[in-house]
Amino acid sequence: MQAAKPSRTALRVAMRRAAHQLYDAKPLVLDDPVAVPILGSVYAEELRRTPVRPDRPWSVSLRAFMVARSRFAEDHLAQAVAGGVEQYVLLGAGLDTFAHRNPHARLRVFEVDHPATQQWKRELLAEGKLSAPERHTYISVDFETQTLAAQLEEAGFDRCAPAFFAWLGVVPYLTLPAFRSTVAYIASLPQGTGLALDYSQPRHALPPLEKLALDSLASRVRQAGEPFQLFFTPAEIAAELAAFRSIEDLGSPEMNARYFAGRTDALKLRGAAGRLLCAWI
């Protein structure tokens, strides 16, 4: 990220979550009544221009991935809460709205992100007259230069209790040392701690058409100042998460079967680049 600017990729993700509420058929994969209001009048016109045409399948597929990964994380969070977890950490939260929809009475939400992105989010919430959620804390962290442990614990996170972490839309932008540092911290937490993340496969693992789609997306995020840096195959990321148990790693066929089967619209995953993973301590 550029130091003084909010994340442009966070805006693109939020736009796609909002477009899902407006343009896709019911039932929604991610029912998020805050996704449109948080964008407010500032981005209303841009939201109207969001591509929804079924003849742009890769754009529709990217939207499907964005909503599926949030649903995936929130489904596993509910499983963690049922097991007694009372702490939820969103790493690279962007414009995520879960804290405003939190259905779990005892769950405390920690939103971790870059200071500029958090300030931008607060301004959007204020403009939309969206009230601050309860049991919620903002934590500013630069993943490349600051220690997640120190920032979290200073904000009241209890490292002696289990927690659930969502790390969505972040891993491809990290260096390998930054990724490993965060994984090591999460792996040091008590039994019952869980982690949901998405990751992308490297270019060499993709068929020709998907290589072109990845090249196009990589070019756009690079121009936004947030280039892709980190890729894994399923075997490689499983090795990185050796301290975890019960790893669930989903590709497009599994995601389509779980979240998009029987739909009346064109919303579904295509290709093999993006994957979702959940692992437990």
In region 6-32, anything part of a loop (DSSP other than H, G, I, E, B), in contact with a helix residue (DSSP H, G or I) (Cβ under 7 Å, 6 or more places away or on another chain) and not polar (S, T, N, Q) is listed as Pro6, Leu28, Val29, Leu30, Asp32
Regarding Pro227, is this residue within 17 Å of the chain's Cα centre (by Cα), at pLDDT below 95 and farther than 30 Å from Cys160 by Cβ?
yes
When restricted to Ala116, Ala99, the only residue among the hydrophobic types (A, V, I, L, M, F, W, C) and surrounded by fewer than 18 Cβ atoms within 10 Å (Cβ to Cβ) is Ala116
Within region 212-250, restricting to residues that are surrounded by 13 or more Cβ atoms within 10 Å (Cβ to Cβ) and of a type in the set (Asp, Glu), the one that is nearest to Ser181 (Cα to Cα) is Glu240
The one condition Tyr199 fails out of (1) of a type outside the set (Asp, Glu); (2) surrounded by 20 or more Cβ atoms within 10 Å (Cβ to Cβ); (3) more than 20 Å from the chain's Cα centre (by Cα) is (3)
Checklist entry - Out of all the residues in region 99-109, is one or more in contact with a Leu (Cβ under 6 Å, 6 or more places away or on another chain) and not aliphatic (A, V, I, L, M)? => result no
Every listed condition ((1) at pLDDT below 90; (2) assigned to a helix (DSSP H, G or I)) holds for Ala235 save (1)
Those residues of region 85-114 which are out of contact with any Asp or Glu (no Cβ under 8 Å at 6 or more places or on another chain) and farther than 17 Å from Ala166 by Cα amount to Ala105
From the option list Thr147, Thr50, Thr117, single residue qualifying as out of contact with any Leu (no Cβ under 7 Å at 6 or more places or on another chain), among the β-branched types (Val, Ile, Thr) and within 25 Å of Leu189 (Cα to Cα) is Thr147
A careful count of residues in region 76-122 that are within 18 Å of Ala279 (Cβ to Cβ) and in a helix (DSSP H, G or I) gives 7
Note: among Gly194, Gly274, just one is at pLDDT 95 or above, small (Gly, Ala, Ser) and buried (at least 16 other Cβ atoms within 10 Å of the Cβ), namely Gly194
Considering residues that are surrounded by fewer than 21 Cβ atoms within 10 Å (Cβ to Cβ) and assigned to a loop (DSSP other than H, G, I, E, B), the number found within region 163-188 is 3
Practice prompt. Answer yes or no as to whether Val52 is at pLDDT below 95, outside any helix (DSSP H, G or I) and out of contact with any Gly (no Cβ under 8 Å at 6 or more places or on another chain).
Written response: yes
Taking region 261-281 and keeping only residues that are more than 24 Å from Pro208 (Cβ to Cβ) and not hydrophobic (A, V, I, L, M, F, W, C), one is left with Gly262, Arg263, Thr264, Asp265
Checked against (1) exposed (fewer than 13 other Cβ atoms within 10 Å of the Cβ); (2) within 23 Å of Ile281 (Cβ to Cβ), Leu209 satisfies every condition except (2)
Of the candidates Ser216, Ser188, the one satisfying the condition of being over 18 Å from the mean Cα position of the chain (by Cα), under 17 Å from Val60 (Cα atoms) and polar (S, T, N, Q) is Ser216
Residue count, region 244-281, condition in a strand (DSSP E or B), out of contact with any Gly (no Cβ under 9 Å at 6 or more places or on another chain) and within 17 Å of Met66 (Cα to Cα), comes to 3
Over region 189-206, the set of residues part of a strand (DSSP E or B), under 22 Å from Thr137 (Cα atoms) and out of contact with any His (no Cβ under 8 Å at 6 or more places or on another chain) is Leu195, Leu197
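The values are calculated or read from the model by the stated rules, or taken from the named source; none is laboratory data. Model, not experiment: these values are computed from the prediction. We place every Cβ from the backbone using ideal geometry, glycine too, and count neighbours over all the protein chains shown.
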